[in-house]
Amino acid sequence: MPGHQECEVPLEGGFTNHGRVVRVGDTVRRPLRPSSPATHALLEHLERVGFGGAPRFLGVDERGREVLSYVPGTAVTPPYPSWALTDEALVSVAHLLREYHAAVAGLDPGPHPWPASPPPEFAGGLVSHNDLNLDNVVFREGRAVAFIDFDLASPGSRVWDVAGAVRLWAPLRPDHHVGDSRRGQVLRRLRLFVDSYGPSAADRDRLVPAVRCNHDWSYDIVGTAVANGHAAFARYWWAGGARRRATETQQWYRESADLLRDALS
């Protein structure tokens, strides 16, 4: 660790640690959590197997914060730039996710205190990222090169990560909740993402129920944070309209299940 004081620059994005994640030189400092040893084991495994699409765990600083390598590039934060909404960007996220799953497949999750896993029918295959929101993907020259923020990673599955990623990146929601160039394109982008990832036939068949379950699971996390008084999540939930969008999207999944399945057939 450097012995002299360096400037701390707050990093944008995220809700859980909003305002508490900073860049210091070529490192990122983040609060520790009860499940941090599991996250660190995951990042160390990814480094050992040569996966370059994740930060490196470098230790704990004098203030008790985890220290990660800074991944150069651009994370996608609002207002979303047009290049992040292109088919090329979407395909690159699918390819990076496939590479991550290949790299993480050899990790034994048994000894570690992970966060809550996805529902049992979508858990146990490998350690999934579980939070592939746009601001957790780093791009360089319009291509996804790294995932960040592995705080929710836990024993999950390939299909769970694919469902979570395509739900957010297509995005799978009613068109009136898509306020950019992706409006009217969500079913086509669903097919493009899934074809680019290349799931097994069994996972492809399970994808639509996985998307709906992933939506409910993710918003349960938000609702729990709001109930526990988390200010950033509360602003997102109430003033940001997330509660209404979540309810309307859940209804859209029920009404559009056949459309989603047909898009993948």
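Please treat every number below as a calculation from the coordinates, not as lab data. Note that this is a predicted model, so its numbers are computed, not measured. Here the Cβ is made from the backbone with ideal geometry for all residues, glycine too, and neighbour counts use every protein chain on show.
Some observations on this one:
- Burial ranking of peptide ranges 47-58, 91-102 (average Cβ count within 10 Å, highest at the top): 91-102, 47-58
- In nm, spacing of pseudo-spin labels at Arg20 and Trp238 (7 Å Cα→C-beta vector): 2.1 nm
- Label point distance in nm, Glu255-Ser200, each placed 7 Å from Cα along Cα→Cβ: 3.5 nm
- Computed from the C-beta positions of Leu32 and Glu88 and an R0 of 45 Å, the FRET efficiency is 0.75 to the nearest 0.05.
- For the stretch 250-262, Karplus couplings with θ = phi - 60° (6.51, -1.76, 1.60), whole Hz, Gly/Pro x: 4, 5, 4, 4, 5, 6, 10, 4, 5, 4, 5, 5, 5
- Stokes-Einstein D in µm²/s, Kirkwood radius over Cα pairs - the stretch 65-129 at 20 °C with 1.002 mPa s viscosity: 143 µm²/s
- Stretchable slack from Ser265 to Glu62, in nm (0.36 nm times residue separation minus alpha-carbon distance): 67.7 nm
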